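Worksheet: one structure, shown below.
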Amino acid sequence: MKRRLINLFALLACTAVVFGCSSSEDSSSSSSETASASESVEEVGSLEGTVEVSGSSTVEPVSVRVAELFEDVAPGVAVNVDGPGTGDGFELFCNGETDISGASRAIKDAEAEACALTGVEYIELQVGIDGIGVMTNANNDAVDCVSKGDLYALVGPESTGFDSWSDANDLAVELGGTGGFPDAPLDIFGPGAESGTFDSFNEMTFKSIAKSRDQESREARPDYVSSGDDNVILTGIQGSDTSLGWVGFAFAANAADVKLLEMDGGDGCVAPTPATIASGEYPLSRPLFIYVNPAKLADNPALEAYVDFFMTEVSLQDAVTEVGYVPLAAAEMAATQNTWSSR
């Protein structure tokens, strides 16, 4: 029954949104399936209720786009989405205040324990892939490509107090980076601790280097301008000709007056693109998730219907792509759909 609802939503979405769905080769079979689903179609269209979604600002555009498409087939359901950050979202979710929490990283052990203490269980569903875009101002011609060693020297725990790019040169070279940075103000803008992007960036960029150097802190230096709002970060980068910052790739890709830097993971400089992020060739790639509270499904049919819709190809492929992220490969998408349908 659950799988049939997912298939039904795919049919409804194709009809309502005109995504170029192919016609069935067997028209009689299609007619039979449509007739047998007519009662369910009516139920979907008459659904009423509210779905509360919070969490990652990176996942927020996906949830919003899916909600917009869902409104075409279930206009009586209000899906409220906000994006205070992955960490803040899990706090709300574990307190039972939201139905779904978006996350730009997997749930932490401490967050899972917090949910357990309040009796909140969850279903983890991967919905896409994103890269972290490292940027400077479009007017900065001195830097085009950086390595993890360079980023550690510029933004890592040992760079606190560096206020010029050139301050990082010696440490960058020591770590196998390129160095050669200019004597220019180093104005840094990035996500705060409430953001899943903050955690992912630290994990992928600083953790192993800091551990090998016996550093107590394995996070970005504390003396930079931080925000949970990616638009605030972009504004900061746009406002300084020698800025450095990072946000999710989708936010950075189409931003004006910024330059996405290539990353050297050891095999040469790689530009962040949907293809290099999907393949893992770009060193700063990460999965995107939604977490669903299963206890709320029985009392809120609108929640179940929204997640059913989220699990269709229209959402996991088209909607994810529309907002600038990388869709799951066929096998990963099938695994996500199976996790939901077999709950």
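The values are calculated or read from the model by the stated rules, or taken from the named source; none is laboratory data. Given the structure is predicted, the values throughout are model-derived calculations rather than measurements. Note that each Cβ is placed from the backbone with ideal geometry, even for glycine, and that neighbours are counted across all protein chains shown.
With respect to Ala210, determine if the residue is closer than 30 Å to Gly55 by Cα, of a type outside the set (D, E, K, R), buried (at least 16 other Cβ atoms within 10 Å of the Cβ) and at pLDDT 95 or above. In short, yes.
On the basis of being among the hydrophobic types (A, V, I, L, M, F, W, C), touching a Ser or Thr at 6+ places or on another chain (Cβ under 6 Å), modelled with pLDDT of 95 or more and surrounded by fewer than 24 Cβ atoms within 10 Å (Cβ to Cβ), does Ala67 make the cut? Spelling it out, it is not the case that Ala67 is among the hydrophobic types (A, V, I, L, M, F, W, C), touching a Ser or Thr at 6+ places or on another chain (Cβ under 6 Å), modelled with pLDDT of 95 or more and surrounded by fewer than 24 Cβ atoms within 10 Å (Cβ to Cβ). Looking across Gly87, Gly96, one residue alone is more than 23 Å from Asp299 (Cα to Cα) and surrounded by fewer than 24 Cβ atoms within 10 Å (Cβ to Cβ). It is Gly87. Of everything in the stretch 258-300 that is modelled with pLDDT of 95 or more and part of a helix (DSSP H, G or I), the residue that is nearest to the chain's Cα centre (by Cα) is Pro294. Residues in the stretch 245-271 that are in contact (Cβ under 8 Å) with a residue 12 or more places away in the chain, aliphatic (A, V, I, L, M), farther than 22 Å from Gly228 by Cβ and surrounded by fewer than 19 Cβ atoms within 10 Å (Cβ to Cβ): Val270 alone. Sub-7 Å Cβ pairs linking a first residue in the stretch 73-101 that is in the same structural domain as Ala114 (by TED's automatic domain parsing) to a second residue that is assigned to a strand (DSSP E or B) and surrounded by fewer than 22 Cβ atoms within 10 Å (Cβ to Cβ), at least 6 apart or interchain, are Val77/Gly49; Ala78/Thr50; Asn80/Thr50; Asn80/Glu52; Thr98/Glu52; Asp99/Glu52, ordered by first then second residue. Check Asn80 against each of (1) more than 19 Å from Met333 (Cα to Cα); (2) in contact with a strand residue (DSSP E or B) (Cβ under 9 Å, 6 or more places away or on another chain); (3) surrounded by 15 or more Cβ atoms within 10 Å (Cβ to Cβ); (4) not acidic (Asp, Glu) and name the one condition it does not meet. Every condition holds for Asn80 apart from (3).
The lone criterion from (1) modelled with pLDDT of 95 or more; (2) surrounded by 21 or more Cβ atoms within 10 Å (Cβ to Cβ) left unmet by Asp183 is number (2).
Of all the criteria given as (1) assigned to a helix (DSSP H, G or I); (2) in contact (Cβ under 8 Å) with a residue 24 or more places away in the chain; (3) touching a helix residue (DSSP H, G or I) at 6+ places or on another chain (Cβ under 6 Å); (4) of a type in the set (Gly, Ala, Ser), the one not satisfied by Ala168 is (2). Of all the criteria given as (1) surrounded by fewer than 19 Cβ atoms within 10 Å (Cβ to Cβ); (2) part of a strand (DSSP E or B), the one not satisfied by Ala335 is (2). Screening Glu304, Glu281 for residues that are of a type in the set (Asp, Glu), outside the structural domain of Ser104 (by TED's automatic domain parsing) and at negative phi leaves exactly one candidate, Glu281. If you check Thr178, Thr235 for being part of a helix (DSSP H, G or I), polar (S, T, N, Q) and either on the phi < 0 side of the Ramachandran plot or free of Cβ contacts under 8 Å to residues at least 24 places away in the same chain (or both), only one passes: Thr235. Only one of the listed residues (Ala255, Ala210, Ala193) is over 16 Å from the mean Cα position of the chain (by Cα) and farther than 24 Å from Pro327 by Cα. That residue is Ala210.
Quick grid of which residues meet (1) buried (at least 18 other Cβ atoms within 10 Å of the Cβ); (2) basic (Lys, Arg); (3) in contact (Cβ under 8 Å) with a residue 40 or more places away in the chain:
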site	(1), (2), (3)
Thr273	no, no, no
Glu281	no, no, no
Arg286	yes, yes, yes
Thr312	yes, no, yes
Asp318	yes, no, yes
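Mind checking which pairs have a first residue in the stretch 327-342 that is within 19 Å of Ala278 (Cα to Cα) and a second that is assigned to a helix (DSSP H, G or I) and among the hydroxyl-bearing types (Ser, Thr, Tyr), Cβ under 8 Å, 6 or more apart or different chains? Partner pairs satisfying both residue conditions: Pro327/Thr321; Leu328/Thr336. There is no residue in the stretch 121-141 that is out of contact with any Phe, Trp or Tyr (no Cβ under 7 Å at 6 or more places or on another chain), among the small types (Gly, Ala, Ser) and free of Cβ contacts under 8 Å to residues at least 60 places away in the same chain.
I'd like to check something: does the stretch 94-112 contain any residue that is more than 28 Å from Thr276 (Cβ to Cβ), assigned to a strand (DSSP E or B) and not small (Gly, Ala, Ser)? Checked the stretch 94-112: at least one residue is more than 28 Å from Thr276 (Cβ to Cβ), assigned to a strand (DSSP E or B) and not small (Gly, Ala, Ser).
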